[in-house]
Every structure is written in C-alpha cells, then in structure tokens.
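Undergrad: Can you keep this structure in mind? I'll have questions shortly.
The values are calculated or read from the model by the stated rules, or taken from the named source; none is laboratory data. Every value quoted in this text rests on a predicted model; they were computed, and no experiment measured them. Neighbour counts run over all protein chains shown; Cβ positions are idealised from the backbone, glycine included.
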Amino acid sequence: MRQNSHWMTVSVLALAMGSASSAFADKASGTLRLAAAQPVQEISYYYDPSPDTVFESEAVYDDLVSYDVKNGKVEPLLAKAWRRIDPQTLEFDLRDDVKWQDGTKFSAADVAYTLKWLSDPATVLRFKGNWSWIDKVEQIGDDKIRIHADRPTPYDLTRFAYVTAILPQHQAGTPQEKGYHPIGTGPYRATQINDANGIVLERNDDFQQHGSPAKPGSNIKRITLQPIREIGTLVAQLLAGNLDMINVPLQNAQELVQDPRFEMSIVQGSSFMYVAYDSRGRSGAKPVTDERVRKALTLAIDRSALSKLVAGDAKLETPGAMCWRTQAGCDYSLPLPPFDPAAAKKLLAEAGYPNGFDIEITTFTGSATQIAEAVAGQWHAIGVNAKIDPEAVISYRKKQQEGRIQVMVAAWPSGNIPDVSSTVDAFFAAGPSDYSGDQQLHDLAAQSDAAMDPDARKAIGRKMFDRATEKYFFLPISPFPTILVHTKELEVKQSDRFTPLGYEVSDLNWR
C-alpha cells in the first residue's frame, strides 16, 4: 500500500540487506503477506474511503456490475442483465445463485436496502454525491430491482460498477457496524479485523461461480495485511522475509531489487499529478489571476523530468488533459504546453513580473510532496519563489473551502471511476471548490453531467477539457504510479484500474 515516507539512505538499506534472513515463505504456504499504510478498524469504504480500505472492500464485497477497463465495457457481477427504460430509470436482473459468505441467499432485498440507505438524505457520507441522484428504488420480486434517478445520469452504471458495494440486509447492525464484521459476496471473507494486528482475508471459493472477466478473483488462498507506517520497518520486514510485497518510492525500490529475491512492478493506475491555479483570485494571489502568468508557470514545468523522478525509465503515460480517454465523457484536442523556460521568463516580464514573485504551493503530505518540491525548483529557475505547504486531507479541504489555496500540486485519482463525472464535479462545476471562476466551464460541466448520448457528451467534454488547457486553469504534469517491490513468486497484473492503488486483489496471483 502507498506509504508516507522519507528517503532511506543507501548505507542503511545495504546494512539491512546484509543482515537479512534468507528464510522466505513461498506460494506453497498459501498466504500473501502485505502491509497497510494505516490501521483499519472496519472494512467499509463508505465510512473510510482510504486506499487500503478500498482494496479490502473490493475483496470482500461485490458491486451490481463490474467494468472492463481494457474494452470499456460493463460486465455482469451480482446483476446478470440490465436495461435502460428511460434516461432516468435503470432496471437490473439479479443472479439467483449467489450466497452471502454466511450461507444466506442474496436477493433484490439486499440491493434495495443498500441503495435506499445510500440515497437517504439522513445518511451522511463523505462522498454522498455518488448516490444523491437516486430518487427511488423499487424491488420487483426476489431477483429484479428498478432504480429511478431524479435527473438524467449518464454515469449511473459506472457508479454501480465501482463505488457501490452491496451490503446484506439480514446482517444485524447499522451499515457502519456491518463493517466491523463484514459479510460479503466477494472473492475473500474477512476472518480478522484488528487495528493493531491487522486484517486476515480468506478466499471465498463460492465467488468463482459469479466472478467476471473484470473481477475474476485470485489463486491466493489467504491474505494478511499488517499496519506498518514507518518505511524503515516496512523495508526491514520485507528483507527479513515477513512481507511478500511493499509499496515504496522509486529510489527505495531500485535499491531493493538489487536483491535477487525481489522484482519491481510499476502500476500505472488512473492517478496522475496536476497543477491548478487560483485563477478566480480567492486566495489573494494576484499573479495567478493573469493568464500570462499561469502560462509562464506551466511552460516552466518539465513534465519529462517529473515523470523520471517518480517512474524512472518506465514508459508511463500522463493524460493529455484532466481525464483519460478511457473515461466516458473524456475528449480533448489541444496539446499540453511544451517545456520552454525562456518563453516563460518573457511572459513573466510582459505580465509585470520581470523579477518573479512569491507564491505558495499546497500539496498533500506523502509522495506528492516530492513532485511539489520539484515543481518549486523548476519555477525557481525562472525567478518565482515557491513555498511548499504539505497538508493532510482534512486540513486541505478546510483550506480549499476557505479559498486560501494559491496553487495546488497534487495527485488526482481520476475520481476512481471510468467516467469524467467526479473530475467534472471536482474541478469544473461551480461551488466552494471552484478555483477557475469560469462560467463557460460551469455551463459545460452541467451539460456533461446531463448528456445521455455518449457522442454528444464526448463533444461537450472536448470543449470543456480544451478550455481548461487553453486558459491554463488546471493541467496534468506527471504520472503518479504505485511502485511495488515483491517476491518473484508473486505476479502483479497491469490492469489500469480506476482504484486508488491502481490494482485490486484480482490482479495479485501466485505464479
């Protein structure tokens, strides 16, 4: 799992490698030993949408449908078929041969229970917008469900494929309490959840009868996740043979794979780094309200150098706009600005800043800080003095809503769904998170969220994402991969999943 860390020195790593035990568990033991970045008390991404919890939730629970990113296709899972009755109504035919992990039969009552709870105005969740468009849920017998939206929702199927784990109605307790002792239908059952000792997942063999090509399950019988925050401990546990895979920064990974027991997998995923300017002027940073200054700052960013910093020589992609072309509603035609520091200096002088200015870059604590510091260094070369303010998510959101962010350099996970709707809501729509202040973007965002025809929505997306690039409001600047070091007995499949870590349990298998 992704770790917050400082770099380890080569000498410390070499010492650890020199004293490492050669004892290593192999796939014959059946147990894959992983580390989590933080303790987990419940398996519920509804209440704890952290990367670790999303990974575990996807292992234990199923959604109505799954999504094949490679082919851009929705696949059956708990639902075997579906139809769009009208722009605001979806109907699902459910499987009648699925059982919950306690042996109880799955039915439409479970889906109705989950969706009514998620859409209830009294239910308070961090990402409530994922389901607030649901107006009414009808249960039609034991194996059919009809979902009515309060408005046209072109992204409804992708929400049901990625962020809508179905919970068991028959299990006692509130939805949050269910997370402490989860009962799912997914490829693994949780047999231990302990914030000190970690999580144990045991393979659910019954899953194989309803798994899909997009969620096929794994050949790993048992997975343990031990909470380890400190990178030195993480590396030492891998070297001692107590872990089979860890997530570390590139430099650490390059040193670790000098040991012949390990190999490195760089998972592209859907996350990327971006820069966003307070074009609206809420923070009082006058320079970035000038389009010429935003262009100058963007021209001073060497994207190839940033990519090399996080991924070395790996051939990873950075999207050409604030979306991936594999996302529904995404399109663009304008190229990203080239790296041209001389032109950047000229623009600054034209804008009245021949000697540069002071600016503050807000970023997230952890791996994103490294990129923010690199950007600050590149801006220093054109005379701009950038101070870095790393924030935890909670304090960042407060700063964002109060309009105090001058420039943001951070990772964006593409909304964690193969659709642009979350990106549109986060960057383009009007509201407290709006830093462009651009009415044309606001109008295009509203159109994108309501366009049911895929081609029409794509055309709207082209106008929207091109305008963001043309006006230098917010732009992608580098990939943000997950760097994994693991025993050579483990295979990590490259799936480009729209999940925080870039992989799910189905992507991990013994060779």
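Undergrad: Of all residues in segment 27-49 being of a type in the set (Gly, Ala, Ser) and in contact (Cβ under 8 Å) with a residue 24 or more places away in the chain, which is farthest from Leu118 (Cα to Cα)?
TA: Gly30
Undergrad: Hey, another quick one. Consider Ile460 carefully, then state whether it is surrounded by 19 or more Cβ atoms within 10 Å (Cβ to Cβ), outside any loop (DSSP other than H, G, I, E, B) and in contact with a strand residue (DSSP E or B) (Cβ under 7 Å, 6 or more places away or on another chain).
TA: No; evaluated as a whole, the condition is false for this residue.
Undergrad: Related question: (1) in contact with a Cys (Cβ under 8 Å, 6 or more places away or on another chain); (2) without any contact (Cβ under 8 Å) to a residue 12 or more places away in the chain: which one isn't true of Cys330, the others all being true?
TA: The single condition Cys330 does not satisfy is (2).
Undergrad: Are there any strands (runs of 3 or more DSSP E) wholly within segment 322-432 with 3 or more residues that are of a type in the set (Asp, Glu), and if so which?
TA: Output list is empty.
Undergrad: Find the residue count for segment 354-378, including only residues that are more than 17 Å from Ser283 (Cβ to Cβ) and among the aromatic types (Phe, Trp, Tyr).
TA: 1
Undergrad: Any idea how many residues of segment 335-390 are over 16 Å from Gln406 (Cα atoms) and touching a His at 6+ places or on another chain (Cβ under 8 Å)?
TA: Qualifying residue count for the region: 0.
Undergrad: Another one. Quick test for you: out of Asp135, Asp110, Asp142, pick the one residue that is in a helix (DSSP H, G or I) and not aliphatic (A, V, I, L, M).
TA: Going through Asp135, Asp110, Asp142 in turn, just one is in a helix (DSSP H, G or I) and not aliphatic (A, V, I, L, M): Asp110.
Undergrad: Does Leu34 satisfy the condition of being closer than 18 Å to Pro168 by Cα and touching a strand residue (DSSP E or B) at 6+ places or on another chain (Cβ under 9 Å)?
TA: Answer is no for this residue.
Undergrad: If we keep just the residues of segment 196-206 that are without any contact (Cβ under 8 Å) to a residue 24 or more places away in the chain and closer than 15 Å to Asp62 by Cα, which is surrounded by the fewest Cβ atoms within 10 Å (Cβ to Cβ)?
TA: So, considering only residues that are without any contact (Cβ under 8 Å) to a residue 24 or more places away in the chain and closer than 15 Å to Asp62 by Cα, the one surrounded by the fewest Cβ atoms within 10 Å (Cβ to Cβ) is Asp205.
Undergrad: Given (1) part of a helix (DSSP H, G or I); (2) touching a strand residue (DSSP E or B) at 6+ places or on another chain (Cβ under 6 Å); (3) over 23 Å from Glu56 (Cα atoms); (4) not acidic (Asp, Glu), where does Gln251 come up short, assuming only one miss?
TA: If we test Gln251 against (1) part of a helix (DSSP H, G or I); (2) touching a strand residue (DSSP E or B) at 6+ places or on another chain (Cβ under 6 Å); (3) over 23 Å from Glu56 (Cα atoms); (4) not acidic (Asp, Glu), just (2) comes out false.
Undergrad: Confirm whether Thr233 is in contact with an Asp or Glu (Cβ under 7 Å, 6 or more places away or on another chain) and free of Cβ contacts under 8 Å to residues at least 24 places away in the same chain.
TA: no
Undergrad: Name the single residue that is farthest from the chain's Cα centre (by Cα) among those in segment 55-77 being surrounded by fewer than 23 Cβ atoms within 10 Å (Cβ to Cβ) and of a type in the set (A, V, I, L, M).
TA: Applying the filter and picking the extreme gives Val74.
Undergrad: Same structure, new question: State whether the residues of segment 471-489 include one that is part of a helix (DSSP H, G or I), aliphatic (A, V, I, L, M), surrounded by 19 or more Cβ atoms within 10 Å (Cβ to Cβ) and touching a residue at least 60 places away in the same chain (Cβ under 8 Å).
TA: no
Undergrad: How many residues are aromatic (Phe, Trp, Tyr) and part of a loop (DSSP other than H, G, I, E, B) when one looks only at segment 153-174?
TA: So the answer is 1.
Conditions (1) crowded, with 17+ Cβ neighbours inside 10 Å; (2) at pLDDT below 95, marked per residue:
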residue	(1), (2)
Gly352	no, no
Asn355	no, no
Ala376	yes, no
Lys387	no, no
Tyr396	yes, yes
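Undergrad: Quick test for you: out of Gln254, Gln237, pick the one residue that is surrounded by fewer than 20 Cβ atoms within 10 Å (Cβ to Cβ), modelled with pLDDT of 95 or more and closer than 21 Å to Pro51 by Cβ.
TA: Just a single option satisfies the conditions, and that option is Gln237.
Undergrad: Turning to a different aspect of this structure: Of the residues that make up segment 263-279, is at least one part of a strand (DSSP E or B), touching a Lys or Arg at 6+ places or on another chain (Cβ under 8 Å) and surrounded by fewer than 20 Cβ atoms within 10 Å (Cβ to Cβ)?
TA: Within segment 263-279, one or more residues are part of a strand (DSSP E or B), touching a Lys or Arg at 6+ places or on another chain (Cβ under 8 Å) and surrounded by fewer than 20 Cβ atoms within 10 Å (Cβ to Cβ).
Undergrad: Suppose we filter segment 303-346 for residues that are within 28 Å of Pro249 (Cα to Cα), buried (at least 20 other Cβ atoms within 10 Å of the Cβ) and out of contact with any Ser or Thr (no Cβ under 7 Å at 6 or more places or on another chain); how many remain?
TA: 1
Undergrad: Checking Asp443 against (1) without any contact (Cβ under 8 Å) to a residue 40 or more places away in the chain; (2) touching a helix residue (DSSP H, G or I) at 6+ places or on another chain (Cβ under 7 Å), which test does it fail?
TA: (2)
Undergrad: Another question about this same structure. Between a first residue in segment 374-400 that is assigned by TED's automatic domain parsing to the domain that holds Ala305 and a second residue that is of a type in the set (S, T, N, Q) and in a loop (DSSP other than H, G, I, E, B), which pairs have beta carbons less than 8 Å apart while being 6 or more apart in sequence or on different chains?
TA: Gly383/Asn355; Pro390/Thr365; Glu391/Thr365; Ala392/Thr365; Gln400/Ser433
So that you can scan it fast, the table gives a plain yes or no per residue for (1) without any contact (Cβ under 8 Å) to a residue 60 or more places away in the chain; (2) in contact with a Cys (Cβ under 6 Å, 6 or more places away or on another chain); (3) of a type outside the set (D, E, K, R); (4) part of a loop (DSSP other than H, G, I, E, B):
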| position | (1), (2), (3), (4) |
| --- | --- |
| Asp62 | no, no, no, yes |
| Lys116 | yes, no, no, no |
| Arg146 | no, no, no, no |
| Arg151 | no, no, no, yes |
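Undergrad: Further question: Hey, can you tell me all the residues within segment 221-248 that are closer than 23 Å to Gln38 by Cα and part of a loop (DSSP other than H, G, I, E, B)?
TA: Matches in segment 221-248: Ile228, Arg229, Glu230, Ala240, Gly241, Asn242, Leu243, Asp244, Val248.
Undergrad: Do we have any residue at all in segment 300-308 that's of a type outside the set (A, V, I, L, M, F, W, C), free of Cβ contacts under 8 Å to residues at least 40 places away in the same chain and within 23 Å of Ala374 (Cβ to Cβ)?
TA: Yes: segment 300-308 contains one or more residues that are of a type outside the set (A, V, I, L, M, F, W, C), free of Cβ contacts under 8 Å to residues at least 40 places away in the same chain and within 23 Å of Ala374 (Cβ to Cβ).
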